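The values are calculated or read from the model by the stated rules, or taken from the named source; none is laboratory data. Just so we're clear, the structure is a prediction, and the values are computed from it rather than from any experiment. We place every Cβ from the backbone using ideal geometry, glycine too, and count neighbours over all the protein chains shown. Remember, those area values only see protein heavy atoms, side chains included, never the ligands or the DNA or RNA. Shrake-Rupley method; radii C 1.70, N 1.55, O 1.52, S 1.80 Å.
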Amino acid sequence: MSLQTAPRPHAGVAPLEPGLPGRGRGRLVAAALGLAAALAVGWALAPHLVTVHSPEVALAPDAGLHVEGYGDAGTYALHYRYGERVELTVPLRNASAVPWRVTDVELVEPDYPLLEPVGGPIEPVALTPYGDGEVGLVFEYANCRYYHERANNSFDQVRVSGTVLGRETSVLVDLEVPLVVHSQVILDCPERTLVRGDDVRR
């Protein structure tokens with residue numbers, strides 16, 4: 001009768017058993033890679049995640065008239081006063097779950113607008129997720145020489161620009177209540193002449 005001995009494991013190598021750290025490390029690495037990929041996708045999509053509620057601009061009581069029957073929510077008809085200035089306060093409400101640093105807000109305007117922006121860049125506004133802020137914009141009534149007496153400028157959007165998670169973004173936002181500025185007759189437009197060929201009327 002002969003004795004058989006069990007095979008001896010290689011020296012210095014411990015047999016792997018189910019549930020030991022080798023398999024757990026693999027799961028951790030996979031989870032870390034998944035998280036890194038999700039963060040990369042979120043960073044890449046950040047500029048597309050921010051939205052702003054449609055604002056209703058605030059004006060001085062004597063700046064114009066709210067015409068309720070003109071459009072779905074009415075329209076602010078501004079009083080054109082050549083050479084004078086008017087300030088619009090634009091409320092901003094972040095409708096997204098990511099913070100947004102707003103660096104510029106501008107009224108979307110045609111060439112030679114009847115409302116010409118004045119002043120320098122705005123002070124940046126930090127909007128927390130679902131947070132609020134506001135920006136003041138100053139305009140001067142100008143350029144009436146380029147318009148005939150029945151023309152007007154309608155303003156129904158603002159462009160909001162800034163950074164989201166370090167990335168630049170710019171979105172167009174509809175105004176809840178649009179603005180309209182009517183051109184003036186020649187007596188109220190000092191820069192207009194009686195010669196039709198002097199300027200291109202719009």
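Need the full-extension length gain, residue 193 to residue 161, defined as separation in residues times 0.36 nm minus the C-alpha distance. One decimal, nm.
7.6 nm
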**Prompt:** Around residue 92, which amide H atoms from residues at least 5 apart in sequence, or from another chain, sit under 5 Å from its own amide H, with H modelled in the peptide plane?
**Reply:** 133, 134, 135
**Request:** For residue 127, enumerate residues with amide H under 5 Å from its amide H, sequence gap 5+ or separate chain, H modeled in the peptide plane.
**Result:** 100, 101, 102
**Per-peptide average of other Cβ atoms within 10 Å, ordering 163-172, 150-159, 65-74, 137-146 highest first** = 137-146, 150-159, 163-172, 65-74
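Quick one: with all protein chains in place, what share of the accessible area of the stretch 130-202 is carbon or sulfur, to the nearest percent (1.4 Å probe)? Mind dumping the intermediate values first?
Working: 1850 of 3900 Å².
Roughly 48 percent, rounded to a whole number.
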**Asked** Around residue 64, which amide H atoms from residues at least 5 apart in sequence, or from another chain, sit under 5 Å from its own amide H, with H modelled in the peptide plane?
**Response** 79
**Item:** Residue-level accessible surface for residue 123, protein heavy atoms, 1.4 Å, Å²
**Value:** 150
**Fill in**
Between the modelled labels at residue 123 and residue 70 (7 Å from Cα along Cα→Cβ) the distance in nm is 3.4
**Per-residue ³J(HN,Hα) for the stretch 110-123, Karplus 6.51 cos²θ - 1.76 cosθ + 1.60, θ = phi - 60°, Hz, x for Gly and Pro** = x, 5, 6, x, 5, 10, 9, x, 10, x, x, x, 6, 6
